[in-house]
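Peer 1: Let me give you the structure first, and then I'll get to my questions.
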Amino acid sequence: MSLHNQTVGKSDEWFTPKYIFDALGCSFDLDVAAPPPEQREYISTPAVHFIHELSLLHIWEGFVWMNPPFGAVNGLVPWLNRFFDHGNGIALTPDTTSAKWWQGASQKADAVCHLKGRVKFIKPDGTRGDQPAFGTTLFAVGQRAVDAFSALPPSFGSVHYRRQNGTLDSIGEQS
């Protein structure tokens, strides 16, 4: 049973480990899916501002970080639509490449990174979670995000960049 299936109805709060932000080497203007203030001691998002509720109804400004709730089937779709409409940031999602939403996102992204290994996310109590049943994808949109991907160490994962014709270029892949 996948980690997602084990946690349905329990929590959508799975925080991004610090090593991901360290590898990206950038700061963000806004974390659009931040936890409530009382749980922020366990997050390491290098962001200036945080939105923790009704994020899809707020104005998003600047360079954004998005690790949205993974809970509902196709629940990522409104988040990804908003992210790509905004056009400036990095989004973290499950690496479910056969899902229709993932295929759509990969067609809109300026770059896609498949992280090596499986991310052990941070739980709301600050402890490290178990290994999930899926890998992790980062989607980049906008030049600042592409630049962050360009600086990723080769050990971080495979990065594919959008070509002029709209297809992803695996020549620029880091392995």
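The numbers here are math on the coordinates, done by the rules we state, and not lab data. Everything numeric in this text was worked out from a predicted model, so none of it was measured. Glycine gets a Cβ as well: all are built from the backbone with ideal geometry, and neighbour counts include every protein chain shown.
Peer 1: Which order do the peptides 96-106, 56-66, 111-121, 135-145 come out in when sorted by mean C-beta neighbours inside 10 angstrom, highest first?
Peer 2: 135-145, 111-121, 56-66, 96-106
Peer 1: Using a Förster distance of 41 angstrom, determine the FRET efficiency expected from the C-beta separation of Lys108 and Asp130, and round it to 0.05. Spell out each step's value before the answer.
Peer 2: Numbers: r = 31 Å, r/R0 = 0.76.
Efficiency at R0 = 41 Å is approximately 0.85.
Peer 1: A further question follows. Around Phe134, what is the net charge, scoring Lys/Arg as +1 and Asp/Glu as -1 over all other residues with Cβ under 10 Å from its Cβ?
Peer 2: That sum, taken over residues with Cβ under 10 Å, equals 0.
Peer 1: State which entries of Lys18/Lys100; Lys18/Lys116; Lys100/Lys120 exceed 22 angstrom in Cα-Cα distance in the structure shown.
Peer 2: Numbers: Lys18/Lys100 29 Å; Lys18/Lys116 16 Å; Lys100/Lys120 25 Å.
Result: Lys18/Lys100; Lys100/Lys120 exceed 22 Å.
Peer 1: If you don't mind, another one. Taking the number of other C-beta atoms within 10 Å as the exposure measure, put Val48, Val32 in order starting with the fewest. If you can, show how the numbers build up before the last one.
Peer 2: Details: Val48 12, Val32 25.
Least crowded to most crowded, the residues run Val48, Val32.
Peer 1: Oh, and also: If I take every Cα pair under 8 Å that is 6 or more residues apart in segment 3-169, average their sequence separation and divide by the length, what percent do I get for the relative contact order? It would help to have the intermediate numbers written out before the result.
Peer 2: Numbers: 307 pairs, mean separation 40.1, N = 167.
Relative contact order of segment 3-169: 24 percent.
Peer 1: I've got another one for you. Taking the Cα centre of segment 3-169 as origin, sum charge times position over the Cβ atoms of Lys and Arg (+1) and Asp and Glu (-1), and report the length of that vector in debye to the nearest 20. Before the final figure, lay out each step's value.
Peer 2: Numbers: 14 positive and 16 negative charges, 104 e Å.
Value, rounded to 20: 500 debye.
Peer 1: Continuing with this model, one more query. Of Leu152, Pro36, Trp65, which is farthest along the charge dipole of segment 3-169 in the positive direction, counting Lys and Arg as +1 and Asp and Glu as -1 at C-beta?
Peer 2: Leu152
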